[in-house]
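Below is one structure, written out as structure tokens, with a few remarks after it.
We did not get these values from a lab; they are worked out from the coordinates using the rules stated. Model, not experiment: these values are computed from the prediction. Cβ placement follows ideal geometry from the backbone for every residue including glycine, while neighbour counts extend to all protein chains displayed.
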Amino acid sequence: MRRDKPRTLADHLPLAFPAVMLVVFFVVPFGTMIAVSFFRRQQGGFYTVDFVLANYERFLTAFFGNVLGFSLLLAAAVAVCCVVLAFPFTYFLTCRARRVQVAWLIALLSVLSLSEVIIGFAWSTLLSRTAGISNLLVAVGLLDQPVALVPNFAAVMVGMVYQALPYTILVLYPALVRLDNSFVEAACTLGASPLRGFFTIVIPMLRNTIVATLIMVFVFALGAYLLPQILGRPQHWTLSVLITDQAIYQSNMPFAAAMAVFLVLISLALVGLTLLVGGRREATP
Amino acid sequence: MNKKSLQTGVSRRTVMAAGLAGAGVLAMPSVLRAQDRSLKVGVYGGYFQSSFDEHIFPEFTKATGIAVESVAEPTGEAWLVQLEQAARAGQAPADVSMMSQVAMLKGKSTDLWTPLDLARLPNSTNLIPHFVNKYDDGRVAGIGAVAWYITLVTNTDTYPQAPDSWAALWDPANADKLGLLALVSNSFLLEVTAKTFMGGTEALDTEEGILEAFDKLAEVKPNVRLWYRDEAQFEQALKSGEIPMGQYYHDVTGLAAADGHPVRSTFPKEGGILDSGCWALSRASDKTDEALVFIDYMSQPAIQATMSRKVGTAPTVKRELTDLTDEEFAGVSSEIEPIVPRYDLYGERSDWLNQKWTELIVG
């Protein structure tokens, strides 16, 4: 296939459409948010157009630092959990017959159709004292009386990993399904165990895919605000929960915008750092 | 190719012609007159909205000929933010809305509410005076729609004996058993603390008093299992006994009990929290006439009594004007002097209170 350089307006058009969409639906709203984050908050009212740094000042405290730190840690933990679970699963899935693969992928897609609200309430019921799985443990004699397994950090993790796992598998699947199995076969022929083959051949070959997936799940999990509320205690609330509180319940748009801008910048910086470290390692084999 | 585009051209023209004809029909005076007398009314979505749609709005339309389109509003101040943003663009997602007192206060600071002419609201004389909500300069911003109580609620299976004081929230025996509202401006727990332990809500006049109340309130934290924003989340847990105690709305709890759920609502000896909603008209609405007819209609003692019976709210008109029996009145209210929220604080000190509150429950 030969590709000519785009010359006429018609050649540029296919690119212009997504570019316009990106500007209208991403750049403009994000710009508005940055602008609002500098507006002056009117206590008990709304805001006036201005240029003040007070909203950022209010954010720069130990309290919000802790909440931000927790949000980042939570997102990172979810990303690692998801990839650790999804990678072997997807690898073994790609070794199965085509029909089995399709069935699994459809099942995973159907999980994606569940909203965050449904996932949250379903898990809070499953982990509850009155109707949850601890009743089953009592029935088989493993527990004396049913206990509440919610709200706590583990419940938040379970809910968020459950929500992000199908995405993780669907992102990993194309790379793994294209993987040339003859490398692993060659390693096994030379005497490596299948496990060793997996760790020394498959994982290094797909390092870029794994890093990209980690970043995707991290960013996805960073925006979570419903599951930490339903399944966690207040100390497990993410920055997104506090942003929602400010925007919706306190009508403090400037402060909410400042927090959101901060969150975006921090996550962009972390993603950039990850790519930088990954790139450098690649340059020095 | 040519043929295809010709075809779409024709069909588009047909559609346009049909559209024009339709617009013409709509523009005909007879149709317009019927369309003209309508009003979009915002009420809290869910149970509240369906009760109004079933019992209140059809009667209003029958009596006045004004059609009501109810709009589901979210709780909290989310609706206020939407109304304000829309009004800035000259739009009114609802003409009249039921607004909480804190939202009324914030809306007043930006002149969001169209001042109402009391002369055109003859039934407003029926109201208990403090339910006429005014701007600082005396203009009327809103008229009391309904009042409701937030009380101490318990699961009757877990607590055979009803608690009689808000102090039960602090009882170490209730560790990890409470569900409380998650926001300072809708839980009114500072007022509850002040009334229960500090002699009254006047204790919150000073910053020291407020900080003292926060300290006392911090002792409640180990007992709280759920700080809820979403009412359904707590209601379900209360019914099942998962979270057997907390603060909740007296009206909804009563209905759940009537449906056979093992729950009860108790007015503690310090009083229930009395909150209320006002009818307020967005400045972006051009339906002032219809809105005044609506608000006046809702201020009739008979309609207020109907709302008490069907929706479970307490009347905003003087009790003696209604035909509510003692039993019916006790179902929606109490003789115990209520805890009245310090709404003034949520205007002057809202950001400071919010910050302290968030640090209290998250930290």
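Computed values, structure above
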{"item": "GNM flexibility winner over chain B from B:Gln101, B:Gln91, B:Gln304 (Cα, springs under 10 Å)", "result": "B:Gln91"}
{"item": "Ascending count of other beta-carbon atoms within 10 Å, so fewest first, for B:Ser165, A:Ser71", "result": "B:Ser165, A:Ser71"}
{"item": "Kirkwood-type radius of region A:40-279, with distances r between different C-alpha atoms, in Å", "result": "20.7"}
{"item": "FRET E, pair B:Ala257, A:Leu15, Förster distance 56 Å, beta-carbon r, rounded to 0.05", "result": "0.30"}
{"item": "Potential lengthening between B:Asp171 and B:Glu69 on full extension [0.36 nm per residue; Cα-Cα distance subtracted]", "result": "32.1 nm"}
{"item": "Region B:274-340: proportion of alpha-carbon pairs further apart than 17 angstrom, %", "result": "48"}
{"item": "Potential extension, A:Lys5-A:Thr189 segment - 0.36 nm per residue separation minus Cα distance", "result": "61.5 nm"}
{"item": "Karplus 3J(HN,Hα) series, Hz, for region A:78-94 with 6.51 cos²θ - 1.76 cosθ + 1.60 (x for Gly, Pro)", "result": "4, 4, 5, 4, 4, 5, 4, 6, 7, 5, x, 4, 5, 4, 5, 4, 5"}
{"item": "Spin-label model distance (nm) - A:Val177 vs B:Thr61, 7 Å beyond Cα toward Cβ", "result": "5.3"}
{"item": "All Cα pairs of the protein assembly as shown, percent lying beyond 39 Å", "result": "46"}
{"item": "Förster radius 41 Å - calculated FRET efficiency between B:Arg88 and B:Asp53, Cβ distance, rounded to 0.05", "result": "0.90"}
{"item": "Using alpha-carbon coordinates, inclination of helix B:78-88 to the longest axis of chain B, degrees", "result": "40"}
{"item": "Prolate/oblate/rounded call for chain B, Cα gyration tensor, a/c under 1.5 rounded", "result": "prolate"}
{"item": "Gaussian network model of chain B, Cα within-10 Å springs - most flexible of B:Lys62, B:Lys108, B:Lys216", "result": "B:Lys62"}
{"item": "Per-pair calculated FRET efficiency, R0 = 25 Å: A:Phe92 and A:Leu276 via Cβ, rounded to 0.05", "result": "0.15"}
{"item": "Sorted by Cβ density within 10 Å, fewest first, the residues B:Lys356, B:Lys269", "result": "B:Lys269, B:Lys356"}
{"item": "Total charge dipole magnitude, region A:33-190, about the Cα centre, Cβ charges on Lys, Arg, Asp, Glu only, Debye to nearest 20", "result": "220"}
{"item": "Cα-derived Rg over Rh, computed across region B:207-363 with Rh taken as Kirkwood radius", "result": "1.01"}
{"item": "Region B:39-83 residues near the modelled B:Arg309 label - backbone nitrogen below 20 Å, point 7 Å along Cα→Cβ", "result": "B:48-64"}
{"item": "In Hz, Karplus ³J(HN,Hα) per residue of region A:188-196 (6.51, -1.76, 1.60; θ = phi - 60°; x = Gly, Pro)", "result": "5, 4, 7, x, 6, 6, x, 5, 5"}
{"item": "Tensor-based shape of region A:1-114 (alpha-carbon gyration tensor, a/c under 1.5 rounded, otherwise prolate or oblate)", "result": "oblate"}
{"item": "Cβ-based charge dipole, chain B, positive-most Cα from B:Val153, B:Val71, B:Tyr44", "result": "B:Val71"}
{"item": "Overall form of region A:112-198 per C-alpha gyration tensor (a/c, 1.5; a/b vs b/c)", "result": "oblate"}
{"item": "Interchain or long-range residues, amide H under 5 Å from B:Leu152's placed H", "result": "B:Thr266"}
{"item": "Other protein chain Cβ atoms within 10 Å, averaged over every residue that makes up A:235-248", "result": "3"}
{"item": "Backbone HN-Hα couplings from phi across region A:100-111 [Karplus 6.51/-1.76/1.60, Hz, Gly and Pro as x]", "result": "5, 4, 4, 4, 4, 5, 5, 4, 5, 4, 5, 5"}
{"item": "Positive-pole candidate from A:Val147, A:Cys82, A:Phe51, dipole of chain A, charges at beta carbon", "result": "A:Cys82"}
{"item": "Estimated distance in nm for a label pair at B:Met198 and A:Val80, the labels positioned 7 Å out from Cα along Cα-to-Cβ", "result": "4.4"}
{"item": "15 Å beta-carbon shell around B:Ala284, net charge (K/R +1, D/E -1)", "result": "-1"}
{"item": "Peptide B:349-360, shielding by other chains (average Cβ, 10 Å cutoff)", "result": "4"}
